[in-house]
1. Select from the range 109-133 the residues that are part of a strand (DSSP E or B) and either hydrophobic (A, V, I, L, M, F, W, C) or surrounded by 14 or more Cβ atoms within 10 Å (Cβ to Cβ) (or both) and list them in ascending order.
2. Name the one entry in GLU7, GLU66 that is touching a Phe, Trp or Tyr at 6+ places or on another chain (Cβ under 9 Å), at pLDDT 95 or above, charged (D, E, K, R) and assigned to a strand (DSSP E or B).
3. Which of the residues spanning the range 40-63 are part of a strand (DSSP E or B) and surrounded by 19 or more Cβ atoms within 10 Å (Cβ to Cβ)?
4. If TYR145 satisfies every condition in (1) more than 18 Å from LEU17 (Cβ to Cβ); (2) in a helix (DSSP H, G or I); (3) at pLDDT 95 or above but one, which is the exception?
5. Within 17 Å of the chain's Cα centre (by Cα) and either in contact (Cβ under 8 Å) with a residue 24 or more places away in the chain or under 16 Å from ALA122 (Cα atoms) (or both) - does that describe any residue in the range 89-99?
6. Looking at the range 89-96, is at least one residue surrounded by fewer than 18 Cβ atoms within 10 Å (Cβ to Cβ), in contact with a strand residue (DSSP E or B) (Cβ under 6 Å, 6 or more places away or on another chain) and either at pLDDT 95 or above or of a type in the set (Ser, Thr, Tyr) (or both)?
7. Does any residue in the range 125-137 that is closer than 22 Å to ARG79 by Cα come within less than 6 Å, Cβ to Cβ, of a residue that is in a loop (DSSP other than H, G, I, E, B) and β-branched (Val, Ile, Thr) six or more places away or on a different chain, and which pairs are these?
8. Which one of these does THR5 not meet: (1) touching a residue at least 12 places away in the same chain (Cβ under 8 Å); (2) over 14 Å from ALA121 (Cα atoms)?
Amino acid sequence: MPVLTEEMRRLVREQRLGYVATISPDGSPNLSPKGSLTVWGEDRLVFADIESPHTIRNLATNPRLEVNVVDPFTRKGFRFRGQGSVMRSGDAYWKILEMYKAEGADVRRIRAVVVIDVAQAAPLVSPVYLTGLGEAEVRRLWEEYHVKSLDRTITDLTPPSDF
């Protein structure tokens with residue numbers, strides 16, 4: 001039975017932005033956003049190394065990683081754990097580059113690709129849902145927040161003189 005459900009694959013394809021956590025050689029965490037994240041097969045994800053020197057270095061010493069993908073408006077998503085393999089050549093590498101190229105990516109900027117064999121996947125849900133709000137209401141509130149934030153000016157950030 002596949003680890004990745006159709007709902008998980010759909011969200012990854014829609015969002016494309018995943019936050020990849022790796023472990024640095026000194027044991028400290030390294031978190032890096034990856035805008036090229038997508039699905040590669042039934043239980044694999046992939047992202048392109050465009051400017052990811054720390055992530056790639058960390059995977060060379062410890063292939064374990066976690067990826068979080070969240071819809072910013074519904075505040076729901078998934079956490080994926082697994083092993084990352086850095087590829088710079090081979091059949092799979094060239095097929096992945098072709099996929100990115102077909103999607104309009106400038107593949108000349110890609111230094112390598114990282115294929116993630118997903119071993120575990122779990123839902124991520126914001127605590128806002130503990131208030132009893134439904135998904136439609138949470139989406140409406142976040143969309144309203146983002147629209148209002150576009151109208152803010154520097155004076156909105158300045159405390160009043162009697163503060």
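1. So in the range 109-133, the residues part of a strand (DSSP E or B) come out as 112-125.
Passing the criteria: ALA112, VAL113, VAL114, VAL115, ILE116, ASP117, VAL118, ALA119, ALA121, ALA122, LEU124, VAL125.
2. Among GLU7, GLU66, only GLU66 is touching a Phe, Trp or Tyr at 6+ places or on another chain (Cβ under 9 Å), at pLDDT 95 or above, charged (D, E, K, R) and assigned to a strand (DSSP E or B).
3. Looking only at the range 40-63, we keep the residues that are part of a strand (DSSP E or B), and these are 44-49.
Scanning the range 40-63 gives LEU45, VAL46, PHE47, ALA48, ASP49.
4. Result: TYR145 passes all but (3).
5. Narrowing the range 89-99 to residues within 17 Å of the chain's Cα centre (by Cα): none.
No, the range 89-99 contains no residue that is within 17 Å of the chain's Cα centre (by Cα) and either in contact (Cβ under 8 Å) with a residue 24 or more places away in the chain or under 16 Å from ALA122 (Cα atoms) (or both).
6. Residues of the range 89-96 surrounded by fewer than 18 Cβ atoms within 10 Å (Cβ to Cβ): 89-95.
From the residues that got through so far, the ones that are in contact with a strand residue (DSSP E or B) (Cβ under 6 Å, 6 or more places away or on another chain) too are 93.
Retained after the next criterion (residues that are either at pLDDT 95 or above or of a type in the set (Ser, Thr, Tyr) (or both)): 93.
Within the range 89-96 (the criterion being surrounded by fewer than 18 Cβ atoms within 10 Å (Cβ to Cβ), in contact with a strand residue (DSSP E or B) (Cβ under 6 Å, 6 or more places away or on another chain) and either at pLDDT 95 or above or of a type in the set (Ser, Thr, Tyr) (or both)), the answer is yes, since at least one residue qualifies.
7. Note: pairs meeting the criteria are GLU135/THR74.
8. For THR5, the exception is condition (2).
The values are calculated or read from the model by the stated rules, or taken from the named source; none is laboratory data. In this text, all values refer to a predicted model and were calculated from it rather than measured experimentally. A quick note on method: Cβ atoms are made from the backbone with ideal geometry, for glycine too, and the neighbour counts reach across all protein chains shown.
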